[in-house]
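The values are calculated or read from the model by the stated rules, or taken from the named source; none is laboratory data. Since the model is a prediction, treat every value here as computed from it, not as a measurement. Because the Cβ atoms are built from the backbone with ideal geometry, glycine has one as well, and the counts that use them run over all protein chains shown.
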Amino acid sequence: MNPILNKIGTVFIPVSNIEEARNWYCDILGLPIDGEVLYGHLYIVPMNGPGIVLDSKIYSEDNIFKTPPFHLNTNNIEQAYEYMRGKNVELTTEIKHKHWFNFKDPYGNQLMVCKC
């Protein structure tokens, strides 16, 4: 049996301000802001499925995601797009192929929402 599982555990996202990042991601995902910042630089976003860890220790202008490393799921792509627009999130594409769009977090990371 292989000791390395074929399963993604978590994705680390570089952010410059851990408290701001925690608040922004929790707001966008509709989560309560009740978790603590670990070791002064980590916040584990409570997710269903693979996790997201915000990390201010790994942040640099050269270290941000320029292409989406993952996508967040939605059942309604149009509603998700309008929701993000209403939150004044920087949308970097329109809805493409009626299936996905890209956006930036406040730290410049390129992320994606995709219809599942």
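If you filter the range 1-25 down to residues that are closer than 15 Å to Leu111 by Cβ and of a type in the set (A, V, I, L, M, F, W, C), you find that the one that is surrounded by the most Cβ atoms within 10 Å (Cβ to Cβ) is Val15.
Of the strands (runs of 3 or more DSSP E) entirely within the range 9-70, those holding at least 1 residues that are of a type in the set (Gly, Ala, Ser) occupy 51-55. When the range 85-94 is filtered for residues that are surrounded by fewer than 17 Cβ atoms within 10 Å (Cβ to Cβ) and in contact with a strand residue (DSSP E or B) (Cβ under 7 Å, 6 or more places away or on another chain), the ones remaining, listed by number, are Arg85, Glu90, Leu91, Thr92, Thr93, Glu94.
If you go through the range 26-53 and keep only what is surrounded by fewer than 14 Cβ atoms within 10 Å (Cβ to Cβ) and under 12 Å from Asp105 (Cβ atoms), you end up with Asp27, Leu29. Each residue in the range 56-71 was checked for being surrounded by 17 or more Cβ atoms within 10 Å (Cβ to Cβ) and either at pLDDT below 95 or not small (Gly, Ala, Ser) (or both), and 4 of them qualify.
Taken residue by residue, the range 95-116 has no member that is in contact with a Phe, Trp or Tyr (Cβ under 6 Å, 6 or more places away or on another chain), closer than 16 Å to Gly30 by Cβ and assigned to a loop (DSSP other than H, G, I, E, B).
Are any of the residues in the range 76-95 closer than 22 Å to Lys7 by Cβ, among the hydrophobic types (A, V, I, L, M, F, W, C) and in contact with a helix residue (DSSP H, G or I) (Cβ under 6 Å, 6 or more places away or on another chain)? No - not one qualifying residue is present in the range 76-95. Within the range 101-114, not a single residue is more than 12 Å from the chain's Cα centre (by Cα) and surrounded by fewer than 12 Cβ atoms within 10 Å (Cβ to Cβ). When the range 22-55 is limited to residues that are over 14 Å from the mean Cα position of the chain (by Cα) and of a type in the set (Gly, Ala, Ser), the one that is modelled with the highest pLDDT turns out to be Gly40.
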